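Visitor: My questions all concern the structure below.
Read the figures in this text as sums done on the coordinates, not as results from a lab. Just so we're clear, the structure is a prediction, and the values are computed from it rather than from any experiment. Note that we place each Cβ from the backbone using ideal geometry, even for glycine, and neighbour counts take in every protein chain shown.
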Amino acid sequence: MYKKLILLLVFCSVISMQLSATTGVNMEDEPASLEANKLCFSCHANSIYQYENEFTGKIDRKAMNPNFIYDTADFYRGVHRHFACTDCHSPDYESFPHASELRLEEMYQCIDCHGGDPTYAQFNFEAIEEEFHKSVHSTRHDESFNCWMCHNPHSYRTMTHGNNKISEIVEYHNQTCISCHDNYSVKFQRISDTLKPALEIIHEFLPNFELHFSAVRCIECHTGSKDTMWVAHNILPKENAVKKCVECHSNSTMLISKLYKYQNIEARKNRGTFNAVLLNEAYVIGANRNIYLNIVSAILFGLTLIGVAVHVFFRIKKK
Amino acid sequence: MAEKLYLYPIWLRIWHAINALMFLVLLATGISLQYSNPDFVIIRFDYAVTYHNLAGIILSFNYLIFLFGNFSTGNNRFYKLQLKGLIEKLIKQANYYLTGTFKGEHTPFPVNKNRKFNPLQKVAYVATMYVLIPVMIITGIALLFPETIIENVFNLSGIYLTALLHGIVSVFLLLFLVIHLYFSTMGKTPSSNFKSIVNGYHE
């Protein structure tokens, strides 16, 4: 086991040499293990797989377990696109039929590869791990609730380190939550005895529920804010979630340090309360204040009042 | 007793009262929303949203009453602008407000059954009722259903531009309100115009 881990760490560090500054993964080059993975994907990318039955000499066609079907396009768009399947899974998988004890294979967690590596320092994996263990996902479930419950290593993409639009970040990150927390979610009921309440009912206090869901991420309100972290992982108990509108809808909107943080770091253009991201990609009542409109309206209002006051003065004087 | 002229029919007074009330609610809640501050809450944000939406919808329907009333009763004739000689008339009226009124002169365009508004009033009311209020209603309804707004206009958020226009026009309407209220004190007595809009008779 340790040998495998060391091998993997060595592999990770080799791969890390190719990392680009923004996404952490070279997305331009051809995937490093494209050929090596073809054999695995010849079965695991399809809903039906086939093999030659040695006993009957016939070609058998079988339905693939849906949990083990992977979209190759997603895989090669993801952060682990340069990996060979056997970098993380046992090389014994290369023989078929797969040995039954391989089911007991221990899976790596994010921190097993990414922890303590300066290449990944910008992703704050240690802090993410720490925050995750404070979250309800960790405290209210057993160890089986791990990174892979939310993040699929076969397709995971880093949305916030590239040039993705706010709406794309929101959609991708919310899909992570929705995959379990959606109404009638099978995944949710698999680990919970209580029936999942409908999203629109528990969020009925939000005006324009659908707009909120497409404009901001679930984690804006459902995590604590910790600035050292790129993406917050401390999912709070529901009673601690943000419910006050002004937390976002005000001059000091918390969205600046959460959802809009990524773009703002690149393109911070603070002119009073005028903000590049707020202006270009979003509108948040109370947070967007055009400084010029404020000044001009204050001047016009003041001049009007002065005009009225002067007129009143002369009316009284000339009476 | 001076001769009284019945100038404000009941439908118009009801429309005006509803419009005035909704106008104030929209102004107060709108300012509260635009300048919301967790440390200084004028009106709680969620309440302000609800009241603002409600008042906006009522004002919009009320505007239809205004349009219908205006065109079905002939009240619209008071709003008809004659461009010929308008500038001279506006200057004459402005001069009266700036100097004439202090010299005890009579208003150059006195109210009668065919002339409810002086030229300055007429221009201000036409601009307010046929330009500013419709822009407010259209942008307001768009913001109420933001999914209908074009997402991106020249690389700027369509919602932001709509909200900006809504905000700019609201400033003009605020100025209109201040000026409207002040000029209302320039009737026969400071309170006579306020009485008129309640009982319908111009003094």
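Visitor: Which residues, taken from segment A:112-148, are aliphatic (A, V, I, L, M) and either free of Cβ contacts under 8 Å to residues at least 40 places away in the same chain or in a loop (DSSP other than H, G, I, E, B) (or both)?
Guide: Of the residues in segment A:112-148, the ones aliphatic (A, V, I, L, M) are A:121, A:127-128, A:136.
Within segment A:112-148, A:A121 is the sole residue that qualifies.
Visitor: I've got another one for you. Does segment B:42-60 contain at least one residue that is surrounded by fewer than 17 Cβ atoms within 10 Å (Cβ to Cβ), in contact with a Pro (Cβ under 9 Å, 6 or more places away or on another chain) and within 14 Å of chain A (Cβ to nearest Cβ)?
Guide: Within segment B:42-60 (the criterion being surrounded by fewer than 17 Cβ atoms within 10 Å (Cβ to Cβ), in contact with a Pro (Cβ under 9 Å, 6 or more places away or on another chain) and within 14 Å of chain A (Cβ to nearest Cβ)), the answer is yes, since at least one residue qualifies.
Visitor: Part of a loop (DSSP other than H, G, I, E, B) and either without any contact (Cβ under 8 Å) to a residue 24 or more places away in the chain or buried (at least 17 other Cβ atoms within 10 Å of the Cβ) (or both), is that true of B:F102? Steps first, please.
Guide: Working: part of a loop (DSSP other than H, G, I, E, B): no; either without any contact (Cβ under 8 Å) to a residue 24 or more places away in the chain or buried (at least 17 other Cβ atoms within 10 Å of the Cβ) (or both): yes.
Here the answer is no, as B:F102 does not meet what is asked.
Visitor: Restricting to helices (runs of 4 or more DSSP H) lying wholly in segment A:152-258: which have 1 or more residues that are more than 30 Å from B:I42 (Cα to Cα) and either touching a residue at least 24 places away in the same chain (Cβ under 8 Å) or within 14 Å of chain B (Cβ to nearest Cβ) (or both)? So that I can check it myself, show each step before the final result.
Guide: Numbers: elements: A:166-181, A:186-191, A:199-202, A:209-215, A:218-222.
Ranges flagged: A:166-181, A:186-191.
Visitor: Where residues in segment B:179-200 are of a type in the set (G, A, S) and in a helix (DSSP H, G or I), which of them is farthest from the other protein chains (Cβ to nearest Cβ)? Write out each step before concluding.
Guide: Filtering segment B:179-200 for residues of a type in the set (G, A, S) gives B:184, B:187, B:191-192, B:196, B:200.
Right, trim to in a helix (DSSP H, G or I) and you get B:184, B:192, B:196.
On the way: B:S184: 12, B:S192: 15, B:S196: 19 Å.
Only one residue fits best here, namely B:S196.
Visitor: Now a separate question. Determine if segment B:145-158 includes at least one residue that is more than 9 Å from chain A (Cβ to nearest Cβ), of a type in the set (A, V, I, L, M, F, W, C), crowded, with 16+ Cβ neighbours inside 10 Å and in a helix (DSSP H, G or I).
Guide: no
Visitor: Also, quick follow-up: Within segment A:48-64, can you find the residues that are outside any loop (DSSP other than H, G, I, E, B) and of a type in the set (G, A, S)? I'd like the intermediate steps shown before the answer.
Guide: The initial filter retains those residues of segment A:48-64 that are outside any loop (DSSP other than H, G, I, E, B), namely A:48-52, A:59-63.
Across segment A:48-64, the qualifying residue is only A:A63.
Visitor: Anything in segment B:27-37 that is crowded, with 16+ Cβ neighbours inside 10 Å and free of Cβ contacts under 8 Å to residues at least 60 places away in the same chain? List them, or say none. Walk me through how you get there before you give the answer.
Guide: So the first thing to find is which residues in segment B:27-37 are crowded, with 16+ Cβ neighbours inside 10 Å, and the list is B:27-30, B:32-34, B:36.
Within segment B:27-37, B:A28, B:T29, B:S32, B:L33, B:S36 qualify.
Visitor: Identify all residues within segment B:159-178 that are more than 7 Å from chain A (Cβ to nearest Cβ), of a type in the set (V, I, T) and more than 18 Å from B:Y125 (Cα to Cα); write none if there are none.
Guide: Selection gives B:T162 alone.
Visitor: Is it the case that some residue within segment B:121-128 is over 20 Å from B:M22 (Cα atoms), of a type in the set (S, T, N, Q) and free of Cβ contacts under 8 Å to residues at least 12 places away in the same chain? Steps first, answer last, please.
Guide: So in segment B:121-128, the residues over 20 Å from B:M22 (Cα atoms) come out as B:121-123.
Now restrict to residues that are of a type in the set (S, T, N, Q): B:121.
From what's left, free of Cβ contacts under 8 Å to residues at least 12 places away in the same chain: none.
Within segment B:121-128 (the criterion being over 20 Å from B:M22 (Cα atoms), of a type in the set (S, T, N, Q) and free of Cβ contacts under 8 Å to residues at least 12 places away in the same chain), the answer is no, since none of the residues qualifies.
Visitor: Another question, then. Need the failing condition index for B:A124 against (1) within 14 Å of another protein chain (Cβ to nearest Cβ); (2) under 30 Å from B:L26 (Cα atoms); (3) touching a Ser or Thr at 6+ places or on another chain (Cβ under 9 Å), just the number.
Guide: Single failed check for B:A124: (3).
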